[in-house]
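Beneath this line is the structure, given in structure tokens, with notes to follow.
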Amino acid sequence: MANIKKGDLVEVISGAKQSRGGDKGKQGRVIEVLVEKNRVIVEGVNFVTKHVRVGQTQRGSKTGGIETHEAPIHISNVALVDPETKKPARVGFRLETDENGKTKRVRFSKPSRRAVKPAKAEKKSTAKSTKKDAE
């Protein structure tokens, strides 16, 4: 089981301070975890500028230009935020049994001993809404 998962609230714990143009101390949600490279992409952290070649879409509108998006940051440079104190904390694991008698490994924050659960990603609904005629 991983210490940091998609949807977790994390804080950058290393690098340049915000007063010097860095991201240390910033908090954000994990967008993606790159397991093979030991990196995470955090919302609002480590912005990079990317130059995209100008092109055209099917409709004829122009695409491209200068875009900014989040770049990966090493997983050791972020810490999970304790839900109780809102400060970075270490993560531990413990076995808990539910009402059915099934045991699970649960992540918890070391200082508060409170279980940490990743926030569910918001899903976009693709269902078409139908209009009902008022009678």
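We did not get these values from a lab; they are worked out from the coordinates using the rules stated. Treat the numbers as computed from the prediction; the structure is a model and nothing was measured. Cβ coordinates were reconstructed from backbone atoms using ideal geometry, including for glycine residues, and neighbour counts include every protein chain displayed.
Extension gain for residue 5 to residue 50 (0.36 nm times residue separation, less C-alpha to C-alpha distance): 13.6 nm.
GluC sites (Glu not before Pro), restricted to the range 1-38: which are DSSP loop and have at most 12 other Cβ atoms within 10 Å?
36
Cα gyration tensor of the chain, axes a ≥ b ≥ c as square roots of the eigenvalues: rounded (a/c below 1.5), prolate (a/b > b/c) or oblate? It comes out oblate by the Cα gyration axes. Restricting attention to the range 9-109, the count of lysine pairs at 8 or more positions apart or across chains with alpha carbons under 24 Å apart stands at 14. Extending 7 Å from the Cα toward the beta-carbon at both residue 117 and residue 99 defines two label points whose distance is 1.4 nm. Database remark: amide H of residue 26 closer than 5 angstrom to the amide H of 12 (H placed geometrically; neighbours at sequence offset of 5 or more, or on other chains; Pro and chain starts carry no H).
Within a straight-line Cα-Cα reach of under 18 Å, residue 110 can be paired with the following aspartates and glutamates, leaving aside sequence neighbours fewer than 8 residues apart in one chain: 8, 11, 82, 84, 96. For a modelled paramagnetic label at residue 69, 7 Å from Cα along Cα-to-Cβ, the residues of the range 22-41 in reach, with backbone nitrogen under 13 Å, are 32, 41.
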